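Presented below is the structure to which this report refers.
The values are calculated or read from the model by the stated rules, or taken from the named source; none is laboratory data. Treat the numbers as computed from the prediction; the structure is a model and nothing was measured. Cβ sites come from the backbone with ideal geometry, for glycine too, and all protein chains shown count toward neighbours. We work out accessible area using only protein heavy atoms, side chains counted, and drop any ligands, DNA or RNA first. Shrake-Rupley method; radii C 1.70, N 1.55, O 1.52, S 1.80 Å.
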Amino acid sequence: MDLEVRHLRALCAIADTGSLHRAARQLGVAQPSLSTQLRRIEQELGGALFVRARTGCRPTPLGRLVLSRARPLVAEMRSLVSEARAAATGDTELRVGSTASKALAGWLRRLRARGQDPTLHMNVSPNALLRMVADGQLDVAFVHEVEGCPLRIPEGLRLRVLIDREPQFVSLPADHPAAAHPVVHVRELADDRWMIDPTVDGEWDAVQRMFRAAGISPHVLHGDYHTAAALVATGEVVTVCQPTALSRPDTAVRRLHGDPLGVRLLLAARTETDLDGALPALEEAYRETAHQSAAYREWLEHETATATHAPALP
């Protein structure tokens with residue numbers, strides 16, 4: 001049996017889902033057919049590629065070797081098909097992935113103004129978005145890397161750094177005593193309930209490190225940041241937020257003393273051409289958004305005045 005791209009795609013699906021059942025559903029085939037296909041592939045390659053257990057499938061050493069070569073081939077085939085179709089139809093669609101960002105609307109607007117037709121896929125997981133770019137499902141992804149929690153960068157991706165270290169701020173109810181000051185010490189929030197989204201790669205680990213460094217152990221609720229914003233407005237919680245977030249009549253965005261939380265902002269693509277086509281619009285959008293936020297603008301001015309390592313806005 002000669003190995004084909006469909007066989008490699010099946011191996012990647014089994015590894016990604018950790019289950020023959022889930023992989024079969026993803027591929028749109030019956031599980032017995034996929035099991036038979038896997039046995040034939042293993043016979044062709046001379047060894048077991050996965051260990052089957054009640055908890056699922058995990059790659060053997062041989063499986064990891066094969067997957068390391070299969071993934072780039074599958075991704076390149078997806079790219080070839082996508083680019084060929086675009087060239088044949090004159091399609092200018094740009095498949096954009098992003099974690100949450102206030103700069104997103106301005107970025108998409110600028111891409112359209114440049115003659116591109118962006119579609120958007122949102123995900124709280126930067127690692128998931130990077131995997132989608134590597135697999136050819138997205139053209140570019142705008143993601144953040146939480147300080148101290150490196151992302152898993154798939155082989156072959158190109159990266160551009162938008163901001164090397166963006167500080168993270170805190171969102172408080174407007175009538176919170178700490179909101180009376182432009183800078184808040186984490187210890188001032190020891191008795192508050194915090195809401196953190198643990199599904200954001202690295203977020204919970206970084207916040208826990210911040211709490212330990214401050215010597216506090218506040219009550220923590222887990223939930224998405226849209227819910228957190230609503231609960232801040234009603235005085236229920238405080239939460240970490242991006243410095244580009246805007247204060248409102250019922251909420252206050254403030255800097256954390258010492259800037260204990262930071263992220264690196266990255267744009268990822270498979271080709272330099274895709275990066276060059278998407279980055280200028282993103283830089284303009286981020287600069288515009290940063291200057292609209294009073295708290296972030298004050299932080300930038302303070303850091304520049306004190307000659308510390310303020311990020312150079314693109």
- Only Cα pairs under 8 Å and at least 6 apart count here; give the relative contact order of region 231-302 as a rounded whole percent. 38 percent
- region 165-314: relative contact order in percent, alpha carbon pairs under 8 Å with at least 6 residues between: 34 percent
- Item | Sum of side-chain charges, E147 neighbourhood, beta-carbon under 14 Å (Lys, Arg +1; Asp, Glu -1) | -4
- Residues of region 264-302 with backbone N under 11 Å of the label point set 7 Å from the Cα of R109 along Cα→Cβ are 285, 288-289
- Item | Inter-site label distance for L73 and R212 at 7 Å from Cα along Cβ, in nm | 4.3 nm
- Task: Determine the relative contact order of the chain: mean sequence separation of Cα pairs under 8 Å and six or more apart, normalised by residue count, in whole percent.
- Result: 19 percent
- Folded to 0 to 90 degrees: helix 272-292 orientation relative to the chain principal axis, Cα: 20 degrees
- Unit charges at the beta carbon, dipole of region 22-173: most positive-side option, L120, G46, V140: G46
- Message: Over the Cα atoms of region 216-314, what radius of gyration and what Dmax do you get, in Å?
- Response: 16.4, 47
- Note on the structure: The summed charge of the R264 Cβ neighbourhood (under 13 Å; Lys/Arg +1, Asp/Glu -1) stands at -3
- Treating only Lys and Arg (+1) and Asp and Glu (-1) as charged, each at its beta carbon, one finds that the chain has a dipole about its Cα centre, in Debye to the nearest 20, of 1060 debye
- Task: Might you tell me the accessible area per residue for the chain, computed with a 1.4 Å probe and given in Å²?
- Result: 50 Å²
- DSSP loop trypsin sites (Lys or Arg not before Pro) with at most 15 other Cβ within 10 Å excluded, longest remaining stretch of the chain: 153-314
- If you take every DSSP beta bridge whose two residues both sit in the chain, what share of them, in percent to the nearest 5, is antiparallel? 60 percent
- Solvent-accessible area, 1.4 Å probe, carbon plus sulfur percent, for the chain: 52 percent
- Using a simple charge model, +1 on the beta-carbon of Lys and Arg, -1 on the beta-carbon of Asp and Glu, nothing else, what dipole does region 247-300 show about its Cα centre, in debye to the nearest 20? 320 debye
- Compute the long axis of helix 294-305 from its Cα atoms, compare it with the longest principal axis of the Cα atoms of the chain, and write down the angle in degrees, 0 to 90, nearest 10. 80 degrees
- Note on the structure: In degrees rounded to 10, the 0-90 angle between helix 203-214 Cα long axis and the longest Cα principal axis of the chain is 40 degrees
- Relative to the Cα centre, what is the charge dipole magnitude of region 145-288, using +1 at the beta carbon of each Lys and Arg, -1 at the beta carbon of each Asp and Glu, and rounding to the nearest 20 debye? 300 debye
- Query: At R54 and T271, where each label point lies 7 Å from the Cα along Cα→Cβ, what is the point-to-point distance in nanometres?
  - Reply: 5.0 nm
- Once every DSSP H run of n ≥ 4 in the chain is given -39500 (n - 2.57) and the sum is divided by its residues, what mean residue ellipticity at 222 nm do you get, rounded to the nearest 500 deg cm²/dmol? -14000 deg cm²/dmol
- Extension reserve of the H222-A30 stretch, reckoned as 0.36 nm per residue once the Cα distance is removed: 65.4 nm
